[in-house]
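Chemist: Can you read through this structure? Questions will come right after.
What follows draws every value from the coordinates through simple rules; no lab data is involved. Quick caveat: nothing in here was measured; it's all calculated off a predicted structure. With ideal geometry, Cβ positions are generated from the backbone for all residues, glycine too; neighbour counts draw on all protein chains shown.
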């Protein structure tokens, strides 16, 4: 995150030095697609240890992101920007299932364990916040700070089945798929280039995070032994490329 902030500051200083002459900024709307990369604990894929299970690991994977965004300029280069995006953050693979299975078996002291996972991380971001644009010839550098919500459409559903030496069940529970909503914040840097008065392209990098995470519930569990997820924090970088349509011109 420090690296991202340093990069934003550097770009800002460079572009500020290039805005000596009057430029025009235009209210716009755009569509884009790209790649989502999970970050921090959301990306982690380990059970932890028997004494310190990792309840924060999300087992998320790289996936596609699709977005609609835009900005309304209300005073010179200052605008209100909005972003709505859909992202697929993957699902648990066989290695993840084996990792969790081994961890639960050790924690519960069972003879055998089986973990099966279904569903994927699917969610929608809806964010709003201020944007400032630095201009140079046909280029526009956008810096944004936004806040809003992440609406989970689904999260991985994980079923755990544990048995003793005689094949008798000693524990069985399910971490359910979540459809909860959580507060989110984001930072963004984008570079736009206008081919003419109306059409342009935009390359954008977004960082989105949920400080509390989406709520997760587990059913039919008789003990809190081992890994137990109650909230899944989401943090990700989104790299997108798309088309923009310029609507209204504002002059300095």
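Chemist: Select from 179, 62, 43 the residue whose mean-square fluctuation is largest in a Gaussian network model of the chain (Cα-Cα springs shorter than 10 Å).
Modeler: 179
Chemist: At a Förster distance of 45 Å, what's the computed FRET efficiency of residue 31 paired with residue 159, Cβ-Cβ distance as r, to 0.05? It would help to have the intermediate numbers written out before the result.
Modeler: Numbers: r = 38 Å, r/R0 = 0.84.
It comes out at approximately 0.75.
Chemist: Could you identify which residue out of 163, 116, 239 has the top mean-square fluctuation in a GNM of the chain using Cα springs shorter than 10 Å?
Modeler: Most flexible of the set in this elastic network: 163.
Chemist: Taking only Cα atoms and a 10 Å spring cutoff, compute GNM fluctuations for the chain and point out the largest among 166, 99, 54.
Modeler: For the chain, modelled as a Gaussian network with Cα springs under 10 Å, the answer is 166.
Chemist: Determine the relative contact order of the chain: mean sequence separation of Cα pairs under 8 Å and six or more apart, normalised by residue count, in whole percent.
Modeler: On the way: 698 pairs, mean separation 58.3, N = 252.
Normalised by residue count, the contact order of the chain is 23 percent.
Chemist: Could you work out how far helix 2-16 tilts from the main Cα principal axis of the chain, as a 0 to 90 degree angle to the nearest 10?
Modeler: The answer is roughly 10 degrees.
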